[in-house]
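Take a look at the structure below.
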Amino acid sequence: MKICIACGMPMENASDFPGGDMDKDYCVHCARPDGTMQSFEEKKASTVGFIMKTQGFDESAAIEIALNGMKKLPAWKHCF
């Protein structure tokens, strides 16, 4: 089982990968419609929105939570 380098999601099935391409290191949620990986800013924005929607945090708290999580992931280590 692979772990997404951009969000940490476990990827087990072809449906977890962009375009079903199980050679990708990132998941369908971290891909743009063309299958390329989202940029740091794109992923940050989507993660902040997800945290606000699912956990009820305000934007500033969600940003802090998102950045704390993202800095632990291989895709974003160079951004911190």
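Each value in this text was obtained by applying a stated rule to the coordinates, not by laboratory testing. All values derive from a computational prediction rather than experimental measurement. Quick reminder, even Gly has a Cβ in these numbers, built from the backbone with ideal geometry, and neighbours come from all protein chains shown.
Adding -39500 (n - 2.57) for every DSSP H run of four residues or longer, then dividing by how many residues the chain holds, sets the calculated 222 nm ellipticity at -11500 deg cm²/dmol. Within the stretch 42-57, whose backbone N sits under 15 Å from a point 7 Å along Cα→Cβ of N68? The answer is 48, 51-52, 55-57.
Answer rounded, prolate or oblate for the stretch 37-80, using the Cα gyration tensor with square roots of eigenvalues a ≥ b ≥ c: rounded when a/c is under 1.5, else prolate when a/b is larger than b/c, else oblate. Note, shape of the stretch 37-80 comes out prolate.
What you get for the chain, charging only the Cβ of Lys and Arg (+1) and of Asp and Glu (-1), is a dipole of about 200 debye around the Cα centre. Derived scalar couplings between HN and Hα for the stretch 21-30 equal 7, 6, 7, 5, 9, 10, 8, 4, 6, 9 Hz in order, rounded to whole Hz, by the Karplus curve 6.51 cos²θ - 1.76 cosθ + 1.60 (θ = phi - 60°), x for Gly and Pro. Between E59 and D23, the C-beta separation translates, for a Förster distance of 41 Å, into a calculated FRET efficiency of about 0.70. For the chain, the normalised intensity computed at q = 0.14, 0.23 Å⁻¹ comes to -0.45, -1.06 (log10 of I(q)/I(0), Debye sum over alpha carbons, equal scatterers, no solvent).
In the chain, the longest principal axis of the Cα atoms and the axis of helix 40-55 are about 70 degrees apart.
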